[in-house]
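Q: This is the structure, below, for whatever I ask next.
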Amino acid sequence: MTDLTGLQEVATFCGNCNCGCPQLFIDPAAPQDKRIVITDDFGQRVQMSADQFSSLVAEAKEGKLDLLVAA
């Protein structure tokens, strides 16, 4: 399991079960380029900068990720 000590939870995705849903965190102790943390339900994590996360959110808002949901 991923160590979540010191992370500030922002959001949980799914949340309809107790199976370890993906979550979004801020790691205030991490370097700027690794401050945003996304965990999955398999115990893995992705770290990125706030700028990278902002780009991901903008592309999602523009509909660029809609094909992934329709698949």
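The values are calculated or read from the model by the stated rules, or taken from the named source; none is laboratory data. Everything numeric here is computed off the predicted structure, so don't read it as measured data. As a convention, Cβ positions derive from the backbone with ideal geometry for all residues, glycine included, and neighbour counts pool all protein chains shown. The protein model used for the area step is the full one, side chains on, heavy atoms only, and it has no ligands, DNA or RNA in it. Shrake-Rupley method; radii C 1.70, N 1.55, O 1.52, S 1.80 Å.
Q: Here is a list of conditions, (1) open to solvent by 50 Å² or more (accessible area, probe 1.4 Å); (2) touching a strand residue (DSSP E or B) at 6+ places or on another chain (Cβ under 7 Å); (3) of a type in the set (Ser, Thr, Tyr), and Thr39 meets all of them except one; can you say which number that is?
A: The failed condition is (1).
Q: Residues that are part of a strand (DSSP E or B) and either exposed (fewer than 15 other Cβ atoms within 10 Å of the Cβ) or in contact (Cβ under 8 Å) with a residue 24 or more places away in the chain (or both): does the range 45-65 have at least one?
A: Yes, there is a match, as at least one residue in the range 45-65 is part of a strand (DSSP E or B) and either exposed (fewer than 15 other Cβ atoms within 10 Å of the Cβ) or in contact (Cβ under 8 Å) with a residue 24 or more places away in the chain (or both).
Q: For the range 1-25, how many residues meet the condition of being among the aliphatic types (A, V, I, L, M), under 11 Å from the mean Cα position of the chain (by Cα) and either surrounded by 15 or more Cβ atoms within 10 Å (Cβ to Cβ) or outside any strand (DSSP E or B) (or both)?
A: Qualifying residue count for the region: 1.
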